[in-house]
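Worksheet for the structure shown next.
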Amino acid sequence: MRLMSWNARGLGQPLAKKFIAEMTQKYNPNICFVMETRYDYKKGEILARNWGYSNSTGMSSRGFSGGLLLIWDDNVSMNISSMNENLIFAYVKDFKNAFWLTCIYGNPKTHKRHLVWHQLKTFSNSLKEQDEWIVMGDFNQVLEDKDKLSFKNTTLRGADLLRNCIDHCQLSEIPPLGQYYTWSNKKEEIEAVWERLDRGFANPLWLTNHDKAVLYNFPVKDSDHGALLISTEEMPPFIRRIYRFEAMWLTDKDCEKVVEASWKNNYTGSPSFILVQKLKETKVALKIWNKNFFGNIFVRKKKLQTQLQQIQRSLQTLYDIKKEREIRRELQTIEEQEQIHWMQKSRVNWIVQGDRNTKFYHAVTKRRKIRNRIYGVYSQGRWLAEQKEMKEAFENHLSKVFNQNQEPQVQEILNKLEHLNIPKLDEEQANWLSQPFFRKEIETTAF
């Protein structure tokens with residue numbers, strides 16, 4: 001299971017919506033908690049469906065402050081126990097896990113945070129001995145000296161009260177990876193402040209039953225907070241996608257030149273053979289063109305994201321603060337350019353292809369992707385959830401099926417086929433399919 005948390009500082013911002021859409025598409029979190037939505041909950045519910053989540057709850061903001069949105073996919077069931085402007089208590093289940101989840105948004109006002117800590121203590125007192133419990137979100141509070149980087153003010157107001165709450169609830173921090181600081185005031189030079197505010201904690205039983213759980217901290221970028229992702233399972237290995245023609249290539253005039261140049265190559269053989277060879281040639285040419293030309297904006301974006309991660313992990317001096325600011329500004333510029341590119345592309349598609357790039361289409365795609373994902377395999381009397389175990393189970397089963405000692409004879413297969421009512425092409429139909437095709441026919445069919 002994967003759980004994501006982010007203080008968005010306003011879901012009305014296009015970059016905030018785009019960031020969540022990218023994160024949910026790339027990491028497929030089963031549960032996503034968004035704070036400071038500064039949004040009406042009903043509008044947030046619509047956004048959730050656009051991101052591919054059919055289940056949601058939350059609290060509307062009060063004016064331009066606050067607001068919570070909790071969304072989850074159909075692979076988990078969630079029972080909301082209670083909810084207010086700072087906390088959501090829920091019981092979560094999937095096919096192998098069951099635990100209590102608390103999503104927290106610490107009160108921005110220091111003198112009111114103790115009320116949130118008191119609610120956590122009260123809830124912990126109500127838990128049974130066999131209950132698993134996890135707490136994640138923006139605590140709005142540092143715990144110790146190393147959680148704050150400031151060149152002017154190093155005071156830690158309220159740290160003792162949170163530490164007392166964590167100890168009372170018997171919570172331990174989920175091992176974090178990635179960035180250390182999760183919040184920045186985004187100011188220059190000596191005015192810059194960085195703090196570790198976003199965290200994940202769990203009780204001993206949850207940590208014991210999820211011993212491979214890891215928390216990933218992402219860079220501070222589109223908000224003043226970085227997102228966090230908790231994974232209770234090993235991240236699946238990267239698998240290269242199969243080749244598909246991308247409709248977005250059609251927005252670049254060079255795409256037609258690449259296809260036309262590849263299509264001019266001459267081959268001998270039947271019309272079907274020639275078509276297959278030209279498609280293969282075009283495929284190779286388009287892949288090279290996409291990597292070296294069309295895709296360069298995404299390469300630059302990824303490079304800058306890596307640089308931003310590296311420098312935020314080692315912030316120490318004023319030079320680091322200044323350099324981090326420069327990289328973040330350049331990354332924001334590229335993302336704005338990318339957003340303009342997609343806006344222009346969507347207009348072209350609207351005119352040429354009709355309403356194919358709607359929010360509804362993306363939501364349906366997201367849901368299908370979630371539905372098609374294999375979360376577990378029942379093999380030899382037990383559930384397998386690890387990627388490596390599932391892969392081995394499939395390989396063992398298929399090896400057993402296709403490596404039978406007694407293979408059927410060719411004649412036996414033919415005898416079976418003879419009794420099947422399979423439609424056959426007559427001579428006229430076969431001749432018609434073998435006829436050469438013309439450009440006009442392709443254009444009429446494809447466009």
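Name the shape class, rounded, prolate or oblate, that the alpha-carbon gyration tensor gives for segment 159-225, where a ≥ b ≥ c are the square roots of its eigenvalues, rounded holds for a/c under 1.5, and otherwise prolate holds if a/b is larger than b/c and oblate otherwise.
oblate
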Residue span THR155 to TYR180: 0.36 nm per residue of separation minus Cα-Cα distance leaves a gain in nm of 7.1 nm
When only DSSP loop residues count, what trypsin sites (Lys or Arg not before Pro) in segment 88-141 have their Cβ near at most 10 other Cβ atoms within 10 Å?
LYS109, LYS128
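Filter the cross-link list LYS257/LYS291; LYS287/LYS391; LYS17/LYS43; LYS18/LYS283 down to pairs whose alpha-carbon distance in this structure exceeds 20 Å.
Exceeds cut-off: LYS287/LYS391; LYS18/LYS283.
Compute the FRET efficiency between PHE95 and THR306 as 1/(1 + (r/R0)^6), taking r as their Cβ-Cβ distance and R0 = 25 Å, and round to the nearest 0.05. It would help to have the intermediate numbers written out before the result.
Details: r = 36 Å, r/R0 = 1.42.
That gives a FRET efficiency of 0.10.
Full extension from LYS264 to ASN75: what is 0.36 nm times the residue separation minus their Cα-Cα distance, to one decimal in nm?
Here the segment from LYS264 to ASN75 would lengthen by 63.1 nm.
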Any aspartates and glutamates whose Cα falls less than 14 Å from that of LYS278, other than same-chain ones fewer than 8 residues away, would be GLU260
So what's the angle, to the nearest 10 degrees on a 0 to 90 scale, between helix 159-168 and the longest Cα principal axis of the chain?
70
Rounded to one decimal in nm, the spacing of the 7 Å Cα→Cβ label points at ASP254 and GLN411 is 6.2
For a paramagnetic label modelled at 7 Å from the Cα of TRP383 toward its Cβ, which residues of segment 113-138 fall within the zone defined by backbone nitrogen distances under 17 Å?
131-133
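Rounded to the nearest 5, what % of DSSP beta bridges with both residues in segment 1-140 are antiparallel?
Around 70 percent of the beta bridges assigned by DSSP in segment 1-140 are antiparallel ones.
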With runs of 4+ DSSP H residues as the only contributors, calculate the mean residue ellipticity of the chain at 222 nm using -39,500 (n - 2.57) per run, divided by the residue total and rounded to the nearest 500.
-14000 deg cm²/dmol
Tilt relative to the chain, helix 253-263 - C-alpha long axis, 0 to 90 degrees, to 10:
40
Using a 1.4 Å probe on the protein heavy atoms, what percent of the accessible area of the chain belongs to carbon and sulfur?
53
For segment 33-45, Karplus-derived ³J(HN,Hα) couplings (6.51, -1.76, 1.60; θ = phi - 60°; whole Hz; x for glycine and proline) come out as 10, 10, 10, 6, 5, 6, 9, 6, 4, 4, 5, x, 5
Looking at segment 107-191, how many pairs of lysines come closer than 22 Å at the Cα, when each pair is eight or more places apart or spans two chains?
14
Which shape class, rounded, prolate or oblate, goes with segment 1-158 when its Cα gyration tensor gives a ≥ b ≥ c as root eigenvalues, a/c under 1.5 marks rounded, and past that a/b bigger than b/c marks prolate?
oblate
Nothing charged except the Cβ atoms of Lys and Arg (+1) and of Asp and Glu (-1): what's the magnitude of the dipole of the chain about its Cα centre? Round to the nearest 20 debye.
960
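Given a cut-off of under 8 Å on Cα pairs at least six residues apart, what relative contact order in percent is computed for the chain?
Averaging sequence separation for qualifying contacts and normalising by length gives 12 percent for the chain.
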C-alpha long axis of helix 318-353 to longest principal axis of the chain, angle in °
40
Could you check the spin-label model distance between ASN292 and ASN50? Points 7 Å from the Cα along Cα→Cβ, value in nm.
3.8
Please give the Cα centre distance for segment 136-191 versus segment 257-298, rounded to the nearest Å.
54
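Mind checking the dipole of segment 150-197: about its Cα centre, +1 per Lys or Arg Cβ, -1 per Asp or Glu Cβ, Debye to the nearest 20?
Here segment 150-197 has a charge dipole of around 60 debye.
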Dipole axis of the chain (+1 Lys, Arg; -1 Asp, Glu on Cβ), positive-most option in LEU275, ILE230, LEU127:
LEU275
Cα gyration tensor shape of segment 18-105, rounded if a/c is under 1.5, else prolate or oblate by comparing a/b with b/c
oblate
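The values are calculated or read from the model by the stated rules, or taken from the named source; none is laboratory data. Everything quoted here is computed from the prediction, not taken from an experiment. FYI the Cβ positions are ideal-geometry reconstructions off the backbone, even for glycines, and counts take in every protein chain you see. Keep in mind that these areas ignore ligands, DNA and RNA; they rest on the heavy atoms of the full protein, side chains included. Shrake-Rupley method; radii C 1.70, N 1.55, O 1.52, S 1.80 Å.
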